[in-house]
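The block underneath contains the structure these notes are about, expressed in structure tokens.
The values are calculated or read from the model by the stated rules, or taken from the named source; none is laboratory data. For clarity, every value in this text was computed on a predicted model and none was experimentally measured. Don't worry about glycine lacking a Cβ; one is built from the backbone with ideal geometry, like all the others, and counts go over all protein chains shown. For the accessible areas, the whole protein counts, side chains as well, though only heavy atoms, and no ligand, DNA or RNA atoms are used. Shrake-Rupley method; radii C 1.70, N 1.55, O 1.52, S 1.80 Å.
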Amino acid sequence: TYGDRLHRAFTATVDELTELFDVAGAGQGNILIPAFTVGRTQDLLYLMSKNEKAWGLDKWNIFVDSPMGIEATKTYGRYRNLYGAQLFKPGSDLPNLPNFYMTRSTEESMTINPIKSGAIIIAGSGMCSGGRIHHHLKNNIWRPECHLVIVGYQAHGTLGRRIVDGAEKIRLWGEYYPVRARVHTIGGLSAHADQADLLSWYGAFEGQPPVYLVHGEKRSQEPLAKKLQDESNAPVTIAKHGQKVDIG
């Protein structure tokens, strides 16, 4: 996925989020965060718990509006003994955050719709390709005081990718909405390896096993193939549709 780039340092990502909350807190809008329900949602909740005071989160109402995201978060809570991150309140499966709400049912989700200011809404899907984030986009994407925060990879052809690429309007349920909210792309939270990680992984093998690149877009495959060839003398092939390889 990230064969053509290096991830931003994690400290820089935290600084970027700090600036975002400072700017958004001075306005009168909402923050929408489309997020993958397992992993990314919990990463965000952890960072919010850790930086609650620095980010002024006591001024916000924080919603996880995803049934699957809620279940995944509760699973993290049940097995908190397996990791060291202090995400949850003592004796509770709720994240250690003020003004925190989990909206599981459709009716609970709909109560967010009238909120015009002061809401941080984490909802699926992570690429805006479906799910409850569509309802929140419908209610907020046309408002210049609102913010849309992209925290994961947006694949070609998805609504999230069109927004990141600068779409002036989006279509939801047959109607068009102008994109006036501020769009922020936070690049340091990805769970995928970047170019340096992939080169290091390949370099740990003995010899030079052949490589077939079967994932990602052409713009990320080609730079990775060149790096593998130049730095590791690896035999690299970018796989083609229908190609057959004999590994016997």
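Could you look through the stretch 174-194, keep only residues that are farther than 30 Å from W142 by Cβ and either part of a loop (DSSP other than H, G, I, E, B) or modelled with pLDDT of 95 or more (or both), and pick out the one that is nearest to the chain's Cα centre (by Cα)?
Filtering the stretch 174-194 for residues that are farther than 30 Å from W142 by Cβ and either part of a loop (DSSP other than H, G, I, E, B) or modelled with pLDDT of 95 or more (or both), the one nearest to the chain's Cα centre (by Cα) comes out as A191.
In this structure, R171 does not satisfy being surrounded by 15 or more Cβ atoms within 10 Å (Cβ to Cβ), free of Cβ contacts under 8 Å to residues at least 12 places away in the same chain and not in a loop (DSSP other than H, G, I, E, B).
Condition first: touching a Gly at 6+ places or on another chain (Cβ under 7 Å) and over 25 Å from Q154 (Cα atoms). Can you find one or more residues in the stretch 208-228 that meet it?
Within the stretch 208-228, none of the residues are touching a Gly at 6+ places or on another chain (Cβ under 7 Å) and over 25 Å from Q154 (Cα atoms).
If you go through the stretch 145-168 and keep only what is part of a loop (DSSP other than H, G, I, E, B), touching a residue at least 24 places away in the same chain (Cβ under 8 Å) and over 23 Å from D4 (Cβ atoms), you end up with E145, C146. Annotation note: of Q229, Q221, the sole residue that is open to solvent by less than 50 Å² (accessible area, probe 1.4 Å), more than 19 Å from the chain's Cα centre (by Cα) and polar (S, T, N, Q) is Q221. The number of residues in the stretch 120-144 being of a type in the set (S, T, N, Q) and part of a helix (DSSP H, G or I) comes to 2. Just one of (1) free of Cβ contacts under 8 Å to residues at least 40 places away in the same chain; (2) closer than 30 Å to I150 by Cα; (3) of a type in the set (G, A, S) fails for G188. It is (1).
Within the stretch 73-104, being out of contact with any Gly (no Cβ under 6 Å at 6 or more places or on another chain) and buried (at least 18 other Cβ atoms within 10 Å of the Cβ) holds for T73, Y76, L87, P95, L97, F100, M102, T103.
Reported count of residues in the stretch 1-57, each being open to solvent by less than 10 Å² (accessible area, probe 1.4 Å), in contact with an Asp or Glu (Cβ under 9 Å, 6 or more places away or on another chain) and within 30 Å of G216 (Cα to Cα), is 2. Restricting the search to helices (runs of 4 or more DSSP H) fully inside the stretch 1-119 and requiring at least 2 residues that are touching a residue at least 40 places away in the same chain (Cβ under 8 Å) and small (G, A, S) gives 10-25. If you check every pair at least six apart or on different chains, which have Cβ atoms under 7 Å apart with a residue in the stretch 226-246 that is on the phi > 0 side of the Ramachandran plot first and a residue that is open to solvent by 60 Å² or more (accessible area, probe 1.4 Å) second? If the second residue must be open to solvent by 60 Å² or more (accessible area, probe 1.4 Å), the pairs left are N233/Q208.
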